[in-house]
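**Student:** One structure is given below, represented as structure tokens, and several questions about it will come after.
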Amino acid sequence: MPPPTQYFNLFKMARLSLPAIFALSMLCTASYGTAQNTPLLSGGVGFFSNTNAGNTTYTPIMQPLLAAPVGRHFLIESRASLLETWTPKGQGTPGYDHMHFVDLTYLQGDYIASQHLTIVGGSFLLPFATYNERLSPIWISNFQDAPISSTIGIQSTGIGLGGMLRGSAISRRKYSIDYAAYFSARSNNSEFPARRSAGGRASLYLPDQRLEIGFSYSRLLQGVNENFIATHVWWEPKDTGLRIRSEVSRGEHAKGYWVETAYRLQTFGGPDSLIGRLEPVFRMQQTFRSDKSTISDGVPLVNTQRADFGLDYNLPHNTRILTSYARQFSPNGNQNVWETGIVYRFLFPAWKGK
């Protein structure tokens, strides 16, 4: 994230470029609108508060997402983040500092070559482990904060600029194997920052058990070359409200893990009952620093342990209330983190289809 002195310039530049990019995407699909699938506008709008060591920050945020098909085999995807933050000035000074931030998270084109291969080009989320691609949108994640170790292997930006191959290698009734392999070039562009790297992910899914096991690898190819590996396990037992997600990741200077469980109380009158909309969540996470020679992996410089306890409430019309308390332990000092928020998920076609 840019330093505070650059926020205003970044905001002005992004404010001009984002509408232009979205307008271009829409124009590219307009001539196909009557014959092809209708483009979809989706995303989430939220308001969050975070109280850390007695200081409370307020953040309204919007994350719009565009999925625009062009013909039968092409798809344009993009997601942006628009947020403002009010942070206490600190050191006994009354009032808040106010900052804007607008960012195009990714912008990619997909060519669906076959049922086993999709070719991706542009700026894309790095397919390392699972959090970066699957759980980072505000309308999906159970907690406001990403796991501490989720920065390992995603090369500080979480974004690649180049090409990617992905798809289902094998699909059977009892199991399926999917893959993703990418190469990213180096980019110092303020809107599409990326580091030169390569890697990928492979996952095995067992539909009867609703179990997924995967392995990821990434190599940083600029500066001091580094290798990163990760494994993930997701399990969602059938006919229950239980979900278990976990990752273990390791770099050459740090390693860490997180385990997250969520249980929707749908056994009490169904998922739409007053109690059935409640969803207790818990996450345990730790990071371990082997040396302090680099901070490029985004992991704290000291060993850190944190436990998050949350209670989410799933309101009608795709609205969720998120509440959580976390206790973090480290040699630099222990602290409490309180978070609350409300998120609304929207989804509608760009125009009326046939």
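**Student:** With respect to the numbered conditions (1) under 24 Å from the mean Cα position of the chain (by Cα); (2) part of a strand (DSSP E or B); (3) among the hydrophobic types (A, V, I, L, M, F, W, C), which one is the sole condition not fulfilled by F128?
**Tutor:** (2)
**Student:** Could you tell me which residue of region 86-133 is surrounded by the most Cβ atoms within 10 Å (Cβ to Cβ), considering only residues that are of a type in the set (F, W, Y) and touching a helix residue (DSSP H, G or I) at 6+ places or on another chain (Cβ under 8 Å)?
**Tutor:** Looking at the filtered set, the residue picked out is Y131.
**Student:** Step by step: first the residues of region 290-334, then only those that are among the small types (G, A, S) and modelled with pLDDT of 95 or more, then the one that is nearest to S273 (Cα to Cα). Which residue is that?
**Tutor:** G310
**Student:** Hey, another quick one. Restricting region 287-302 to residues that are touching a Ser or Thr at 6+ places or on another chain (Cβ under 7 Å) and crowded, with 16+ Cβ neighbours inside 10 Å, which is farthest from A194 (Cα to Cα)?
**Tutor:** T287
**Student:** Inspect all residues belonging to region 228-238 and state whether any of them is closer than 22 Å to G44 by Cβ, surrounded by 15 or more Cβ atoms within 10 Å (Cβ to Cβ) and among the β-branched types (V, I, T).
**Tutor:** No, that holds for no residue.
**Student:** Scan region 209-254 for residues that are at pLDDT 95 or above and among the acidic types (D, E) and report the count.
**Tutor:** Result for region 209-254: 3.
**Student:** Then there's this: In region 71-95, how many residues are under 30 Å from F124 (Cα atoms) and assigned to a loop (DSSP other than H, G, I, E, B)?
**Tutor:** So the answer is 3.
**Student:** Suppose the filter is in a strand (DSSP E or B), touching a helix residue (DSSP H, G or I) at 6+ places or on another chain (Cβ under 8 Å) and not acidic (D, E); does L161 pass it?
**Tutor:** No.
**Student:** How many of the residues in region 101-123 are part of a strand (DSSP E or B) and either more than 20 Å from the chain's Cα centre (by Cα) or within 13 Å of L65 (Cα to Cα) (or both)?
**Tutor:** 13
Yes/no per residue for (1) of a type in the set (G, A, S); (2) at positive phi; (3) in contact with a His (Cβ under 9 Å, 6 or more places away or on another chain):
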| residue | (1), (2), (3) |
| --- | --- |
| Q266 | no, no, no |
| I275 | no, no, no |
| M284 | no, no, no |
| Q305 | no, no, no |
| N318 | no, yes, no |
| Y325 | no, no, no |
| G333 | yes, yes, no |
| E339 | no, no, no |
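**Student:** If we scan region 174-183, do we find a residue that is surrounded by fewer than 16 Cβ atoms within 10 Å (Cβ to Cβ), closer than 30 Å to G276 by Cα and among the hydroxyl-bearing types (S, T, Y)?
**Tutor:** Checked region 174-183: no residue is surrounded by fewer than 16 Cβ atoms within 10 Å (Cβ to Cβ), closer than 30 Å to G276 by Cα and among the hydroxyl-bearing types (S, T, Y).
**Student:** Here is a follow-up. Looking only at residues in region 134-151 that are in a helix (DSSP H, G or I) and touching a Ser or Thr at 6+ places or on another chain (Cβ under 6 Å), which one is surrounded by the most Cβ atoms within 10 Å (Cβ to Cβ)?
**Tutor:** Ranking the candidates gives S149 first.
**Student:** Determine whether region 336-345 contains at least one residue that is of a type in the set (A, V, I, L, M, F, W, C), touching a residue at least 60 places away in the same chain (Cβ under 8 Å) and within 29 Å of L41 (Cα to Cα).
**Tutor:** Yes, some residue in region 336-345 is of a type in the set (A, V, I, L, M, F, W, C), touching a residue at least 60 places away in the same chain (Cβ under 8 Å) and within 29 Å of L41 (Cα to Cα).
**Student:** Between residues in region 262-275 that are without any contact (Cβ under 8 Å) to a residue 60 or more places away in the chain and within 18 Å of I244 (Cβ to Cβ) and residues that are assigned to a loop (DSSP other than H, G, I, E, B) and of a type outside the set (F, W, Y), which pairs lie under 6 Å by C-beta distance while being six or more apart or on different chains?
**Tutor:** From residues that are without any contact (Cβ under 8 Å) to a residue 60 or more places away in the chain and within 18 Å of I244 (Cβ to Cβ), the pairs are Y263/G241; R264/G241; L265/I275; L265/G276; Q266/G241; Q266/G276.
**Student:** E279: touching a residue at least 60 places away in the same chain (Cβ under 8 Å), farther than 24 Å from L347 by Cβ and among the acidic types (D, E), yes or no?
**Tutor:** Here the answer is no, as E279 does not meet what is asked.
The values are calculated or read from the model by the stated rules, or taken from the named source; none is laboratory data. The structure displayed is predicted, hence computed values, not measured ones. Heads up, the Cβs are rebuilt from the backbone with ideal geometry, glycines too, and the neighbour counts pull from every protein chain shown.
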